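Note sheet for the following structure.
The values are calculated or read from the model by the stated rules, or taken from the named source; none is laboratory data. Since this is a predicted model, take the numbers as computed values, not measurements. In this analysis, Cβ positions are derived from the backbone assuming ideal geometry, glycine residues included, and neighbour counts consider all displayed protein chains. With ligands, DNA and RNA removed, areas are computed over all heavy atoms of the protein, side chains included. Shrake-Rupley method; radii C 1.70, N 1.55, O 1.52, S 1.80 Å.
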Amino acid sequence: MAVVMIEDIRTEFLEQIRTTFSPTYKPFITTHSDPWVWATPSPSLLDRLLLTDTLPGRTKYKLGLSSKPSGELYIKSVCYFCNNGNPQLVEHSLAEPNHDFFRDYFRNLNGKLLRISFPAIQWIIEIDPRVSVNNAKRGKWKPLFDDFLVKSFNFTYYMFLTTGKGSGKQFPNGTWTGVVGDLLYGKADVGIATANAPDRIHHITFTNSFFDKNELSIFTTSGVRIFSPLALLWSFDTLSWMFIGIATVIVILTFSFISWFYGYHFDVKEPGGLVIAKEEKNIPLTNHTFFVLTSYLNQASAIPKFAAFRCFVAFWLFFTLIITTIYRSKMVGFLAFPLYESLPQTYRDLAYSNFTLGFVMEGDSALNTFKASRDHVYVKLIKKMEIIPLNALNCVERILKRAGYACISYTQSMEYVKTKNLSCSESRKLIRAKETTYSIFVGLALTGGSIYKEGFDRMIARTRSFHLPEVWKVFNLYHNVYLPKRAWWLETNNSEKLRQTSKADENDDLTLRHISGAFYVLAGCLALCLVFFTMEVITYWLKAYKVTKMNHAAPVSKIVTPCPI
């Protein structure tokens with residue numbers, strides 16, 4: 001409790017106040033909740049002191065003390081709303097036992113009209129311009145006032161769109177616009193949907209309890225399907241293909257080694273006792289290569305008669321069975337249901353992707369925080385993002401119409417746009433990334449040292465215990481947004497927009513693009529065969545030309561006939 005002296009006061013009177021109200025001095029004070037005592041030796045100055053618009057006018061619990069000519073204490077306090085919402089002085093009697101000198105007159109505002117400033121964000125609040133009192137029409141914040149705070153404190157309100165339409169922006173000359181500016185310059189008593197940012201707490205105050213929670217999220221579409229001939233290679237990753245190739249080379253070399261070992265160290269006999277000729281045991285390397293490669297295609301080939309060969313071939317065929325089964329099963333899935341393009345799941349992915357980026361600016365604190373950040377991810381995002389002020393629907397339309405477009409927006413803003421403007425099938429195409437940033441907990445914004453803070457804090461805290469903000473959000477989206485949209489579509493014969501899927505979504509027929517990879521492989525094989533055929537023809541004609549030239553130069557007895565290749 002603090003004691004402030006306006007004029008010279010007698011020593012006896014100071015001693016009486018010190019021993020009665022202020023036994024200790026507290027250097028840290030809070031004007032909206034700490035009790036204050038204002039003293040003056042002149043009773044005629046007491047009323048003017050208590051009702052002044054300077055610092056004493058912004059203190060909630062305060063007493064005015066003076067002394068009558070008889071020496072008796074003269075005590076008064078201010079009931080801010082007792083006179084039909086206007087201030088009224090209340091005199092206290094010392095004769096009454098256990099008298100409460102610091103009453104909470106904020107429990108009943110007696111119809112006091114509060115001016116409430118809000119930014120231009122539709123899903124938060126919408127007003128009815130034809131109504132001058134309690135003019136909220138719909139929005140998540142409407143039930144907080146109409147069904148909770150107004151009934152708890154018995155006040156009326158008038159909501160108006162803030163100057164500048166934002167939550168609060170400071171210009172280089174130090175002036176503010178938005179909700180912060182309205183509170184700072186006395187145009188509003190309360191502000192809503194204003195984040196508790198570091199640069200704002202020096203000018204206005206916020207309730208400790210929060211009503212709303214929001215965060216910035218990344219939104220994209222489900223992506224486009226990727227039709228690529230490379231789908232034939234997607235069954236395994238690069239490392240797996242490398243190991244398969246290495247295993248194939250090792251098997252070919254192993255077959256060659258076994259053939260060489262048996263051919264030069266043993267005379268293997270058949271069951272009849274006949275010795276196998278050296279030419280049959282030394283199988284060429286090309287034969288081993290052909291056998292190993294054709295085993296991937298399940299082609300029949302002659303199995304060697306050596307025991308080591310047979311054992312090794314059995315394990316090799318089991319290995320190829322596993323590899324080919326996995327490849328075929330996954331390849332069918334890739335061809336029938338192609339992959340979708342890779343979508344950014346984090347802000348780092350988005351910063352280093354090829355996606356075009358739009359940023360929905362609702363309020364000012366989020367964009368200001370991005371610009372003030374020195375993190376290289378946010379610096380890169382600021383350079384590539386396009387600012388879309390107060391129009392989340394515009395950003396959603398770009399996402400749905402343009403491939404490779406992403407949007408950063410508040411989560412609840414996108415929920416509102418999906419419920420109000422999009423069809424069911426269009427809503428299903430929007431994809432929200434896992435990572436979020438800039439989580440804000442929003443309560444009420446008030447003027448510095450506001451006498452309303454303590455009461456609003458107490459009541460807003462009660463809404464969180466029963467999850468009322470979430471209940472009111474769902475109620476508003478369904479009854480005030482979705483049902484009117486549904487009724488309008490039915491009235492205008494647009495009932496197909498209520499379908500969960502569109503005809504384009506249901507079409508999964510196989511097309512030429514699904515199996516284009518097979519035709520690319522066939523074309524490649526034909527081209528390769530044509531190259532080898534051309535090489536063989538050229539080789540044949542070169543040999544024939546040499547033979548013909550030799551025959552012309554040689555005697556008749558030494559004429560050579562060219563043999564076909």
Item to complete: Go through (1) polar (S, T, N, Q); (2) touching an Asp or Glu at 6+ places or on another chain (Cβ under 9 Å); (3) within 17 Å of Ile440 (Cβ to Cβ) and name the single condition Thr194 misses.
Response: (2)
Practice prompt. Quick one: in region 373-407, of everything that is open to solvent by less than 50 Å² (accessible area, probe 1.4 Å) and outside any helix (DSSP H, G or I), which residue is nearest to Met361 (Cα to Cα)?
Written response: Ile388
Discussion item. Regarding region 318-336, can at least one residue be identified that is part of a helix (DSSP H, G or I) and touching a Lys or Arg at 6+ places or on another chain (Cβ under 8 Å)?
Written reply: no
Worksheet item: Would you call Thr346 at pLDDT 90 or above and surrounded by fewer than 19 Cβ atoms within 10 Å (Cβ to Cβ)?
Response: yes
Worksheet item: What is the one condition in (1) assigned to a strand (DSSP E or B); (2) charged (D, E, K, R); (3) more than 20 Å from the chain's Cα centre (by Cα) that Glu435 does not satisfy?
Response: (3)
Fill in: Residues of region 57-85 satisfying the condition of being out of contact with any helix residue (DSSP H, G or I) (no Cβ under 9 Å at 6 or more places or on another chain), within 17 Å of Asp34 (Cα to Cα) and either of a type in the set (Gly, Ala, Ser) or modelled with pLDDT of 85 or more (or both)
none
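Please give the helices (runs of 4 or more DSSP H) falling wholly within region 483-565 in which 1 or more residues are modelled with pLDDT of 70 or more and of a type in the set (Phe, Trp, Tyr).
In region 483-565, the matching helices (runs of 4 or more DSSP H) lie at 483-491, 516-553.
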Worksheet item: basic (Lys, Arg) and within 26 Å of Val474 (Cα to Cα), is that true of Arg130?
Response: no
Discussion item. Show me the strands (runs of 3 or more DSSP E) entirely contained within region 138-257 in which 2 or more residues are open to solvent by less than 40 Å² (accessible area, probe 1.4 Å) and of a type outside the set (Val, Ile, Thr).
Written reply: 155-161, 212-221
Worksheet, complete the sentence: Expected output for region 169-182 (first residue in contact (Cβ under 8 Å) with a residue 40 or more places away in the chain and closer than 17 Å to Met361 by Cβ, partner basic (Lys, Arg) and crowded, with 24+ Cβ neighbours inside 10 Å, Cβ below 8 Å, 6+ apart or cross-chain) is Val180/Arg200
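Looking for whichever is open to solvent by less than 30 Å² (accessible area, probe 1.4 Å) and over 30 Å from Tyr438 (Cβ atoms) here; the options are Phe337, Phe309, Phe319, Phe355. Which one fits?
Details: Phe337 fails: open to solvent by less than 30 Å² (accessible area, probe 1.4 Å); Phe319 fails: open to solvent by less than 30 Å² (accessible area, probe 1.4 Å); Phe355 fails: over 30 Å from Tyr438 (Cβ atoms).
Among Phe337, Phe309, Phe319, Phe355, only Phe309 is open to solvent by less than 30 Å² (accessible area, probe 1.4 Å) and over 30 Å from Tyr438 (Cβ atoms).
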Fill in: Residues located in region 460-479, provided they are out of contact with any Gly (no Cβ under 8 Å at 6 or more places or on another chain) and either buried (at least 16 other Cβ atoms within 10 Å of the Cβ) or outside any helix (DSSP H, G or I) (or both)
Thr463, Phe466, His467, Leu468, Pro469, Trp472, Lys473, Leu477
Worksheet entry | Residue that is farthest from Ala366 (Cα to Cα), among those in region 112-153 that are in contact with a strand residue (DSSP E or B) (Cβ under 8 Å, 6 or more places away or on another chain) and of a type in the set (S, T, N, Q) | Ser132
Worksheet item: Of all the residues that make up region 298-332, how many are under 23 Å from Ser235 (Cβ atoms) and at pLDDT 80 or above?
Response: 16
Worksheet item: Just a yes or no: is a residue in region 276-292 at pLDDT 70 or above, exposed (fewer than 13 other Cβ atoms within 10 Å of the Cβ) and of a type in the set (Ser, Thr, Tyr)?
Response: yes
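Does any residue of region 408-420 turn out to be aromatic (Phe, Trp, Tyr) and surrounded by 18 or more Cβ atoms within 10 Å (Cβ to Cβ)? Lay out the reasoning, then the answer.
Kept after step one, since they are aromatic (Phe, Trp, Tyr), are these residues of region 408-420: 410, 416.
Now narrow it down to the ones that are surrounded by 18 or more Cβ atoms within 10 Å (Cβ to Cβ): 410, 416.
Yes, there is a match, as at least one residue in region 408-420 is aromatic (Phe, Trp, Tyr) and surrounded by 18 or more Cβ atoms within 10 Å (Cβ to Cβ).
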Practice prompt. Search region 453-477 for residues that are modelled with pLDDT of 90 or more and pair each with any residue that is of a type in the set (Asp, Glu) and open to solvent by 40 Å² or more (accessible area, probe 1.4 Å) when their beta-carbon atoms are under 7 Å apart and the residues are at least 6 apart or on different chains.
Written response: Leu477/Glu415
Practice prompt. Output the qualifying pairs, or none if there are none: Cβ atoms under 8 angstrom, residues six or more apart or on different chains, first residue in region 90-119 and at positive phi, second residue open to solvent by 80 Å² or more (accessible area, probe 1.4 Å).
Written response: Asn110/Asn84; Gly111/Asn84
Worksheet, complete the sentence: Within region 379-396, residues being at pLDDT below 90, on the phi < 0 side of the Ramachandran plot and either out of contact with any helix residue (DSSP H, G or I) (no Cβ under 7 Å at 6 or more places or on another chain) or among the polar types (S, T, N, Q) (or both) number 2
